1. Which order do peptides 125-134, 268-277 fall in by mean Cβ count within 10 Å, highest first?
2. Any chance you could run the full-extension gain for F196 through A37? It's 0.36 nm times the residue separation minus the Cα-Cα distance, nm to one decimal.
3. Treat each spin label as a single point 7 Å out from the Cα along the C-beta direction, and report the Q301 to S328 distance in nm.
4. K257: which aspartates and glutamates have alpha carbons under 13 Å from its alpha carbon, excluding same-chain residues fewer than 8 sequence positions away?
5. Describe numerically, in nm with one decimal, the distance between label points set 7 Å from Cα along Cα→Cβ at E215 and at R286.
6. Only Lys, Arg, Asp and Glu count, each charged at its Cβ (+1, +1, -1, -1), so figure out the dipole size of the stretch 31-106 about its Cα centre, rounded to 20 debye.
7. Please report, in debye to the nearest 20, how large the charge dipole of the chain is about its Cα centre when each Lys and Arg carries +1 at its beta carbon and each Asp and Glu carries -1 there.
Amino acid sequence: MARRALITGITGQDGSYLAEYLLGQGYEVWGLARGQANPRVSRLRKLLADVQVVRGDLLDQGSLISAVERVQPDEVYNLGAISFVPMSWEQAELTAEVTGMGVLRMLEAIRVCSGVSRGSAASGQIRFYQASSSEMFGQVSETPQTERTAFHPRSPYGVAKAYGHFLTQNYRESYGMYAVSGILFNHESPRRGAEFVTRKVSLGVARIKLGLDTELRLGNLEARRDWGFAGDYVRAMHLMLQAGTPEDYVIGTGRMKSVRELVQAAFAAASLDWEQYVVTDQALHRPAEVDLLCADPKKAQVQLGWEPTMPFDELVATMVEADLRLLSNGGDPDQDSSWP
Ligand code: NAP
Ligand code: F7E
């Protein structure tokens, strides 16, 4: 019988890549989707027709228990979150509820449905993956960051992710559950939400190239990130749930670039000079910035055999090309009816 996976955050960037990857591995894939008329769900049904949808919300404990009871998954991937860092200052309580408490609700649904209690053996159990984030490192105490680097989150999002991270560890230690966190650094793709800087830049370059816009307004160009390709990172999530022992892993490329270098690479990919078009705007700076993030993914390389495949310049060029194609065909980045 096919193994069954339940993915929260199925309508997001990672949800789509993970679903495709698991379907390719022969899994029966279920996606948890919220809302009574979520337009991203109709798109999902069109583009990933083999994914079965179960209704539920990370804010609603009962719905998660019902989803686990109905799907009877072997593996649960908790990717659902308020994931845009600036939004976490504007709606800090909602971020805490979805990104933080949502982890508790999902873990509880699994614990209750598998009949696990303190001291009971947790064999034949559902394996749980939590989407932790390099934003937990925040103001970094060392570079590169490893599984042992201290957390100093700089946003309500980072704080909520740290709660989910420690709670996942705690359920592993308290109940013997197979529950792990992947501490993933920034990963991008042509499916990335338009609010994140890589996609904002690739869409901005495409609009300028096609004469649809004359400038691109950005915040802090000096921030540095470790950017990889989302398709590579979902493989790491799966590998973590196949390991002999449940452990947490840092996933990233080990190389960092500044937003300025990202901008240079993206405009160069369209044969444009970025300095003619980019305008910086203080209003887009954050109340507390994460200046730099750079992964040390050695543990994942050695123990899981995981490697990233796409270099930074190729990733950026791929995103710019995809957005040029999308806009040339009259597509809308929020409604695009195909996935690159
Ligand atoms: P994303 O594109 O923003 O997707 C977020 C998903 O969460 C969407 O499917 C959204 O569904 C869902 N969601 C929001 N509120 C929900 C709720 N109340 N109940 C259930 N689902 C809800 O994020 P992503 O880039 O794919 O990232 C996936 C996960 O990895 C997130 O947890 C993110 O925080 C984490 N992460 C991402 C990165 C990265 O660089 N991409 C790095 C580290 C960690 P709707 O369609 O209903 O809005
Ligand atoms: O910002 C700077 C901004 O919003 C990256 C999420 O997936 O990765 C992501 O979080 C950097 C920051 O991603 C603009 O100040 C400059 O320093 O693309 P971002 P993020 O905040 O790093 C982590 C790992 C996650 O877990 C999150 O869920 O770019 N920046 N100018 C800008 N950023 C944006 N969005 N827009 C600008 O105009």
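Laboratory data are not the source of any read-out in this text; all were calculated from the coordinates shown. Values in this document were obtained by computation on a predicted structure and should not be read as measured data. FYI the Cβ positions are ideal-geometry reconstructions off the backbone, even for glycines, and counts take in every protein chain you see.
1. Most protected by this proxy first, the peptides run 125-134, 268-277.
2. Details: separation 159, 0.36 × 159 = 57.24 nm, distance 2.45 nm.
Between F196 and A37, full extension yields 54.8 nm more.
3. Those two pseudo-labels are separated by 3.7 nm.
4. E222, D226, D291, D313
5. 2.5
6. Working: 8 positive and 9 negative charges, 83 e Å.
Value, rounded to 20: 400 debye.
7. On the way: 34 positive and 41 negative charges, 146 e Å.
Computed about the Cα centre, the dipole is about 700 debye.
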